[in-house]
Amino acid sequence: MQGEGGESDDSAIWAPHTSQEWYAARDATAALRDVLTAAGMQREFPYLRADLNVFGHGLIELGRISPETAERLAELLRRAISCPNDLRNQTQGRKP
């Protein structure tokens with residue numbers, strides 16, 4: 001679109017580093033990184049990063065992983081789901 005004086009009206013005045021979505025994505029990525037490191041999987045997710053899409057929505061890029069890593073991640077998730085002291089129960093005040 002052209003504004004007055006032939007200037008474009010679609011220039012971005014938004015900066016990603018000032019948005020709450022960026023900080024939420026960055027913090028979630030750091031939390032996931034810490035858990036993957038604790039599980040000994042820090043080298044298995046080389047593409048892990050925080051990102052924003054063109055609409056400014058925060059996203060976490062997990063990237064490609066090997067089949068072995070996918071199996072290990074699936075097993076860790078299965079174990080977490082079956083854990084009797086599930087954090088969802090603790091944070092929502094429910095008993096396991």
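None of the figures in this text is laboratory data; all of them are computed from the coordinates on show. Small disclaimer: the values here were computed from a predicted structure and weren't measured. So basically every Cβ, Gly included, is an ideal-geometry build from the backbone, and we count neighbours across all protein chains shown.
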When the Karplus curve 6.51 cos²θ - 1.76 cosθ + 1.60 is applied with θ = phi - 60°, which whole-Hz ³J(HN,Hα) does each residue of the range 54-71 get, with x for Gly and Pro? 5, 8, x, 7, x, 9, 10, 8, 8, x, 7, 9, 6, x, 5, 5, 4, 5
Near the amide H of residue 52, under 5 Å away, which other amide H atoms are found, from residues 5 or more places off or on another chain, if H is placed in the peptide plane? 59
Loop only by DSSP, 16 or fewer other Cβ within 10 Å of the Cβ. Give me the trypsin sites (Lys or Arg not before Pro) in the range 25-70 that pass, ordered by residue number. 43, 64
